[in-house]
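Notes for the one structure printed next.
The values are calculated or read from the model by the stated rules, or taken from the named source; none is laboratory data. Remember, predicted model here, so these are calculated numbers, not experimental data. When we count neighbours, we look across all protein chains shown, and the Cβ atoms used for this are built from the backbone with ideal geometry, even at glycine.
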Amino acid sequence: MGLVEYTVSDAVARITLNRPPVNALNAELITDIGAALGQAAAPDVRAVVITGSPHFAAGADITEFQAAFEGDGKADLASDLGSVVKQLEDLEKPTIAAVNGFALGGGFELAMGADFRYLADDARVGQPEILLGIIPGAGGTQRLPRLVGYQRALKMCLTGRQVGAEEALTLGLADKVVASDELGEAAMADALRFAAGPTAAYAAVKRAIAGGLGVSLEQGLEIETAEFAGVFETGDARRGVAAFLSKGAPDFTGQ
């Protein structure tokens, strides 16, 4: 993983994109992110922070677009990144994208794969692909409207307009906005709290909510009931209930 730094501390995996100057997403970086996410799927990791500095990821490497015009890899440019975004989304533990600087195009699509997006106060996000005569290809047209609604997503994708951190917070694209020099600390602090929580229950919540999207209420309730039954059998459920009854703090193990 030459273009990604991967560390684990106190059950929190930190994945840092490291392709200066702007973390442009090329094939090698995308592969390395996927490899890091594969490691983060290990059961001893209970929360994940993905970040990059000074920019999260300013978009795809346009030089690879140019090369693709002459070859057969046009679909791979989007599908490979789309697979990595889905890999992040499917991690069965809480994930936080800590966004410095630009998260544009594919970089923003990657950030939307996380459960939470924490933005530095000078960060900017958006889907500017239309300005190149193309469209988002790694989930932008699908995840963005689920976050901000149809009309706002349509306007962002049709204009390519970038959104600042405070507006992103208002729109629901950001879950927290902090000073740039406090971003890493804020993301890690919350990740540590998640890492001390009931990991199996977090995973069940993510599966239930994702599984209920696009199905009937009755089908969604069936999914929730099944997930509840599964979580009820975990050791953490017993620990949580026992701690409540004894008026103590639960010592969750993640299982």
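Brief remarks on what is shown
- Residues in the range 129-172 that are touching a residue at least 60 places away in the same chain (Cβ under 8 Å) and touching a helix residue (DSSP H, G or I) at 6+ places or on another chain (Cβ under 6 Å): 137, 138.
- Just one of the listed residues (168, 186, 203) is assigned by TED's automatic domain parsing to the domain that holds residue 224, out of contact with any Ser or Thr (no Cβ under 8 Å at 6 or more places or on another chain) and among the aliphatic types (A, V, I, L, M), and it is 203.
Results for (1) within 14 Å of residue 106 (Cβ to Cβ); (2) among the acidic types (Asp, Glu), shown as yes or no for each residue.
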site: 132; (1), (2): yes, no
site: 137; (1), (2): yes, no
site: 146; (1), (2): no, no
site: 156; (1), (2): no, no
site: 161; (1), (2): no, no
site: 167; (1), (2): no, yes
site: 172; (1), (2): no, no
site: 176; (1), (2): no, no
site: 184; (1), (2): no, no
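- Residues (assigned to a helix (DSSP H, G or I), among the aliphatic types (A, V, I, L, M) and loosely packed, with under 12 Cβ neighbours inside 10 Å) located in the range 243-255: 245
- Within the range 1-26, being among the small types (Gly, Ala, Ser), under 22 Å from residue 80 (Cα atoms) and surrounded by fewer than 16 Cβ atoms within 10 Å (Cβ to Cβ) holds for one residue alone: 2.
- Any hit, the range 222-241, residues being assigned to a helix (DSSP H, G or I) and among the hydroxyl-bearing types (Ser, Thr, Tyr): yes
- Against the list (1) under 26 Å from residue 160 (Cα atoms); (2) β-branched (Val, Ile, Thr); (3) surrounded by fewer than 21 Cβ atoms within 10 Å (Cβ to Cβ), the condition residue 31 fails is (1).
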